[in-house]
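Here is the structure we will look at.
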Amino acid sequence: MDFKEKVIQQLNSQFPEMKLETTDFRGDFCIKFSPDNLLMICEFLKNNDQLKFLLCEDITAIDWASRTNRFTMVYHLFSLKNKFRLRLKTDVDDSTTSIESVSSIWRTANWQEREVYDMYGINFLNHPDLRRMYMPEEFEYHPLRKEFPVMGIPGSLPLPKK
Amino acid sequence: MEKLTKNDVHPKIVQALLGADTTFTVEDALDNEMILNMGPQHPATHGVLRLLLRLDGETVIACVPELGYLHRGYEKMAENMGYLDFIPHTDRLDYLSPPANNVAYALAVEKLAGIEVPKRAQYIRMMMCELSRIASHLVAVGALAMDVGALTVFLWTLREREKVLDMYDVICGARFTTSYTRIGGVAQDLQKSTIIEIQKFIDELEKSLEEVERLLNSNRIFIERLEDIGVISYDDAIDFGLTGPSLRGSGVDFDLRRDASYLYYNEVEFKVPVYYEGDCLARYFVRMDEIRESAKIVTQVLDKLPSGEIMANNPKKVLPRKTEIYTKMEELIHDFMLVNFGINPPVGDIYQAVENPKGELGFYIVSKGEGHPWKLKIRSPSFVNIQSIPHMTKGYMVSDVVAIIGSIDPVMGEADK
């Protein structure tokens, strides 16, 4: 059996009521679901004996700019046992711009979520240390949002006093 | 030494250093503890990495890395330029192995746009990747030795690396910022004389590696400064998302070249060196072994190098040759369209990861069918690897911190993007 079908089958048997959307573009397999289920699904994918997605490769977000639920979170997981890469997607609710942190499941998520917070201003609930990653703490903007100009905003980064 | 003041350290960083429950400012006296600021300008931190260490005597209790001193906003810039224009910027990510970054990016865009690349070009790319791995690991080993006090090795490994850079120069006309790949192939073909020169370098490499090992492997100071230092266990290494030599030094048998094969790595034979101790010394051994395996791959690639084109024949997506642009009408039109309107890959998103010298370099590209990416995320191995420094340094001495940083071998150009 194809491993993609196996992932779906395992998820369906564990969470029968959950709505999962799958896409397969150029061999990249992606599952999209509602943000409420994020922690449950991640924990299951990591701890299930047959799936074992132990390595969280990458966490990022997409800003769609002109859409309800403008931010989408993207997670890339890799199963060392099955040599398979899986992408998870979930929309961030516009009213709160916040989502549960997965750093309790993969410790590598700590910095990756900090980076997303810095660049997109998405709040991660229950994150142990939510600070900016690259920009200084006093900086008011989130540079990777589409409304932030490429030139930067003059005066937004004060030079240190001599 | 000047004392740190409140203006030097943001309160949130102090909080991270001391734990959430303490209310403390930098000026307050601690009983036996002190806060030491290391970097960003420090030769042993491999670029502009800043570490804040909380020390009890000489023992590290906590460590907070601060990044962003080299942040150039490449992800933002990528969203505002064409797919072809971003290639030179990939040189400046991991500046110790530019060709490997070029290849990673080109592979990602080709996957997105669905471009088939000729076999000869892919083989040349493979060779460039392995040459850059050799160059990068040579610097890593030399810098690690220098960090723990053996300066000679650094000079020797840099001399060898210089030869690789000279070969880059012959192959593509630049020593550092190679920009060698194009979407759909490589910029220039290999000459016969270059192949002979590369083979000569590979043949002589073993001798210089033995020289290096003679200085290090039986050097008591070197061994004692690295053995059982910065230990990270098998499970922790995976949990922290380590990749590359740092992961394989902890006993995890994972290499994207073999496990998620790209280019033509399935057609060449190589071993994936794995060491089980998880300390700095294991990571050093992994690198030395990987240099040898890379040398083997280069030899095989040169032996098997197929003949044929070096650019894909796909006029709507691949830039034509300059000589053809100046002489043929069709090519001129295609060039105009590609430069002005871009490749326009179909709507969708892809993730392409390659095994770089530092670890897994991944590009996640979201396309809306336009000439520039809607989003481009760089998954940089150094960034993720630096995250484990607080875990590795905990409980060791200040002088071990430099050894640990050296054994992880981060490059800040990549970590800060």
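All of the numbers you see were taken from the coordinates with simple rules; none came from a lab. Quick caveat, the model's predicted, so the values are computed rather than measured. All Cβ positions, even for glycine, are placed from backbone atoms using ideal geometry, and neighbour counts span all protein chains on display.
The charge dipole of segment A:3-94, taken about its Cα centre with unit charges on the Cβ atoms of Lys, Arg (+1), Asp and Glu (-1) only, comes to about 420 debye.
How big is D, in µm² s⁻¹, for chain B by Stokes-Einstein at 10 °C and 1.306 mPa s if Rh is the Kirkwood radius over C-alpha pairs? D, rounded to a whole number, is 70 µm²/s. Span-like helix criteria (full DSSP H runs; alpha carbon extent of at least 15 Å along the helix axis; mean Kyte-Doolittle hydropathy of at least -1.0) are satisfied in chain A by A:3-14.
As a footprinting exposure proxy, order A:Met151, B:Met81, B:Met128 by other Cβ within 10 Å, with the fewest listed first.
Numbers: A:Met151 6, B:Met81 16, B:Met128 27.
Least to most surrounded, the residues fall as A:Met151, B:Met81, B:Met128.
Averaging Cα coordinates gives a centre for segment B:346-367 and one for segment B:92-143; these two points are 13 Å apart. What separates the Cα centres of segment A:35-88 and segment B:173-246 is a distance of 32 Å. Within chain A, what's the longest run with no GluC sites (Glu not before Pro) in a DSSP loop and at most 12 other beta-carbon atoms within 10 Å? Give the range, please. With a cap of 12 other Cβ atoms within 10 Å, the longest stretch comes to A:18-136. Here, chain A has an Rg and a Dmax of 17.6, 66 Å when only alpha carbons are counted.
At 27 Å minimum axial length over the Cα atoms and a Kyte-Doolittle cut of -1.0, report the qualifying DSSP H helices in chain B, or say none.
Details: long enough: B:119-147 (41 Å, 0.47); B:151-172 (32 Å, 0.41); B:192-216 (36 Å, -0.25); B:280-304 (36 Å, -0.06).
Within chain B the helices that satisfy the rule are B:119-147, B:151-172, B:192-216, B:280-304.
Starting from segment B:300-402, pick out the GluC sites (Glu not before Pro) whose DSSP state is loop and whose Cβ has at most 16 other Cβ atoms within 10 Å. Those that pass, being in a loop and sparsely packed, are B:Glu309, B:Glu370. Largest GNM mean-square fluctuation among B:Lys76, B:Lys358, B:Lys375, using chain B with Cα springs under 10 Å: B:Lys76.
Let me check I have the definition right: for segment B:99-195, take the eigenvalues of the Cα gyration tensor, multiply each by 5, take square roots. What are those semi-axes in whole Å, largest first?
On the way: eigenvalues 175, 46, 17 Å².
They are 30, 15, 9 Å, listed from largest to smallest.
For segment B:179-236, applying the loop criterion from DSSP together with a ceiling of 15 other beta carbons within 10 Å to the GluC sites (Glu not before Pro) yields B:Glu227.
Regarding the protein assembly as shown, what is the average projected area of its C-alpha convex hull, in nm²? Walk me through the numbers on the way to the answer.
On the way: hull surface 112.0 nm².
Seen from a random direction, the Cα hull of the protein assembly as shown projects 28.0 nm² on average.
Over segment A:3-94, all Cα pairs binned in 10 Å intervals from 0 give whole-percent P(r) values of 15, 52, 28, 5, 0, listed from short to long.
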